[in-house]
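The values are calculated or read from the model by the stated rules, or taken from the named source; none is laboratory data. Computed from a prediction, not measured in an experiment: that's the story for all the values here. All Cβ positions, even for glycine, are placed from backbone atoms using ideal geometry, and neighbour counts span all protein chains on display. Heavy atoms of the whole protein, side chains included, go into the accessibility calculation; ligands, DNA and RNA do not. Shrake-Rupley method; radii C 1.70, N 1.55, O 1.52, S 1.80 Å.
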Amino acid sequence: MTQGDLANCKNLATEPPDHGIGRSRGALSTKTHLLSDGHGLPLVVICGPGQAGDSPMSSELLDAVRVMRAGSGRARTRPDRVLTDKAYSSAAIRRLLRGQGIGAVIPERADQIQNRKNRGRSGGRPPVFDAVKYRDRNVVERGFNAFKQWRGVATRYDKHNANYCGGVLVRAIVLWLKRLRDTP
């Protein structure tokens, strides 16, 4: 590390990439991207800087899914459906999910609805949205809230991304162990 690198480490506006801290709406923050099962237990966790958007991470989250089957057989890599919020509502993500045969339960953003209506008949049909299945999205929010119960994860005191992500993974393991303890 050179003298210039040390000066940049002290300046919070220019964080090194290994810190995983980014400027988001004027503040320094970190984003945790989570893919969970139907019980809110984490399957994939990716930590990154706060300015990183949700949409670009969707393909990396889906690529990282590996759920072992009971007994023998290949690990399952494709969920039945994906329930997300409006941040993931884009044609590219819907195309990605459709190409993999995954059902998308994603509400359409207001600007997308307006753009489609402005185009008239050439705007196309609205994407299929199942409001009843979307009610299960609260499981994802409860999963995130379970992570925030740990003060180190909620406040992000760790300077390096590897340390912070390690704490997030330890929390994920604890959540899974609590669940597995209750099984016979």
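Out of 116, 137, 179, 142, which single residue is open to solvent by less than 50 Å² (accessible area, probe 1.4 Å), under 17 Å from residue 38 (Cα atoms) and of a type in the set (D, E, K, R)?
137
Identify the residue in the stretch 39-80 that is under 12 Å from the mean Cα position of the chain (by Cα) and of a type in the set (S, T, N, Q) and, among all such residues, is least open to solvent (accessible area, probe 1.4 Å).
Out of the qualifying residues, it is 58.
Name every residue in the stretch 43-57 that is farther than 21 Å from residue 135 by Cβ and at pLDDT 85 or above, in order of residue number.
Matches in the stretch 43-57: 44, 45, 46.
Being surrounded by 15 or more Cβ atoms within 10 Å (Cβ to Cβ), modelled with pLDDT of 70 or more, not polar (S, T, N, Q) and not in a helix (DSSP H, G or I), is that true of even one residue in the stretch 17-29?
no
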